[in-house]
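Chemist: Would you mind keeping the following structure in view while I ask a few things?
The values are calculated or read from the model by the stated rules, or taken from the named source; none is laboratory data. Keep in mind that what you see is a predicted model, and the values were worked out from it rather than measured. When we count neighbours, we look across all protein chains shown, and the Cβ atoms used for this are built from the backbone with ideal geometry, even at glycine.
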Amino acid sequence: MPGTELRRADETAEANASRATARGPQAVSESKTVVSNAFTIDVEDYYHVSALASAIPRDTWNERESRVSASTDRLLAMLDEKRIKGTFFVLGWVADRVPQLAKRIASLGHEVACHGYSHELIYKQTPRVFAEETRRSKALLEDLIGMPVIGYRAASFSITPRSQWALDTLIEQGFLYDSSIFPVRHDRYGMPGAARAPGYVHAPSGGRIAEFPMSTAAFGPFHIPVSGGGYFRLLPYWFTRAGLRSINEQEGLPFTFYLHPWEIDSEQPRVKTGFVSRFRHYTNLAKCEGRLRQLLVDFRFTTMRNVLRARGLLSS
Ligand SMILES: [Zn+2]
């Protein structure tokens, strides 16, 4: 049974991780961790970002310079250099505007997954609108790449306690995994108390789907988000690395790293918006690429699909 073999492979990796920890902190800090983590990119342009939504009306998106291809190509080149495959959650709107990009990502052997269509927060949508645009985005991506799309990540992690119905829609539409639940408290997203490890989650109708939650590191009683995006840019890299190592080595769990192409684009047009959004969006853009290169050296990565398969959570 392939699932059994995969689970065994995963157990071996976890056993290796425990041995690495047993060698002591010195040995661990000098070597790459042995747990494979999910490297993910949410493919969207700077003007799609929820934090800037009030400053960039949707009806101006078409007039704005598209910068997503150039930044994504830089990320693809970086991954190619390190021989790492990742998962790219592509926004349907981007796939419509620059169809070659999803094709290029798939042709390089990366996983293409779905980031919805319009980047609207799910809890602001009706179930009918959510279903329509998710179907549209999945079909568009599958047409472009000629392969099934099985993974989903919501705009701004917006599957929260009030939008869990979205999990039913994902199951109905044939998605095999979701990566939208962030087990933290935040003003725009979060499901405090949700499981921190990949596993199955139950949708309100009783069906189940594999979930790779956004990763947090346990520092005593606190669970700190350390695995990408603004957290990766705002926190010092040594802190990020310590948090991610503790997930791999102390807990024996994989984490998911996530980033957006605009986070390595320090030349992007600046938008006038409130202080908090400005701080979250623009801080350390110029440092991000260098940090990312270091991260790719310090940790082992593959696609989200591969990590879930290795844990026996996906059979295909
Ligand atoms: Zn997004």
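Chemist: Within the set of pairs 6 or more residues apart or between chains, which connect a residue that is closer than 16 Å to PHE301 by Cα inside region 230-257 to a residue that is assigned to a helix (DSSP H, G or I) and of a type in the set (Asp, Glu) with Cβ atoms less than 7 Å apart?
Modeler: Pairs that qualify, where the first residue is closer than 16 Å to PHE301 by Cα and the partner is assigned to a helix (DSSP H, G or I) and of a type in the set (Asp, Glu), are ARG241/ASP298; GLY252/GLU14.
Chemist: Cβ-Cβ under 7 Å, sequence separation 6+ or interchain: first residue in region 73-87 and in a helix (DSSP H, G or I), partner hydroxyl-bearing (Ser, Thr, Tyr) and surrounded by 19 or more Cβ atoms within 10 Å (Cβ to Cβ). Which pairs?
Modeler: Partner pairs satisfying both residue conditions: none exist.
Chemist: Next question, about the same structure. Starting from residues that are basic (Lys, Arg) and touching a helix residue (DSSP H, G or I) at 6+ places or on another chain (Cβ under 8 Å), keep the ones in region 45-88 and report whichever is farthest from the ligand (Cβ to nearest atom).
Modeler: Checking each candidate, the answer is LYS82.
Chemist: Pick from LEU295, LEU308, LEU285: which is within 14 Å of ARG233 (Cα to Cα) and at pLDDT 95 or above?
Modeler: Checking each option against the conditions leaves just LEU295.
Chemist: Restricting attention to region 89-112, and to residues there that are within 14 Å of the chain's Cα centre (by Cα) and more than 12 Å from the ligand (Cβ to nearest atom), which single residue is nearest to ALA131 (Cα to Cα)?
Modeler: VAL112
Chemist: Another question about this same structure. Within region 27-40, identify whether any single residue is assigned to a helix (DSSP H, G or I), in contact (Cβ under 8 Å) with a residue 12 or more places away in the chain, among the β-branched types (Val, Ile, Thr) and under 21 Å from ARG291 (Cα atoms), and answer yes or no.
Modeler: So far as region 27-40 goes, yes, one or more of its residues are assigned to a helix (DSSP H, G or I), in contact (Cβ under 8 Å) with a residue 12 or more places away in the chain, among the β-branched types (Val, Ile, Thr) and under 21 Å from ARG291 (Cα atoms).
Chemist: In this structure, does GLY274 turn out to be closer than 19 Å to TYR47 by Cβ and in contact with a His (Cβ under 8 Å, 6 or more places away or on another chain)?
Modeler: In short, no.
Chemist: Moving to a separate point now. Within region 154-168, track down each residue that is of a type outside the set (Gly, Ala, Ser) and surrounded by 23 or more Cβ atoms within 10 Å (Cβ to Cβ).
Modeler: Matches in region 154-168: PHE157, ILE159, THR160, LEU167.
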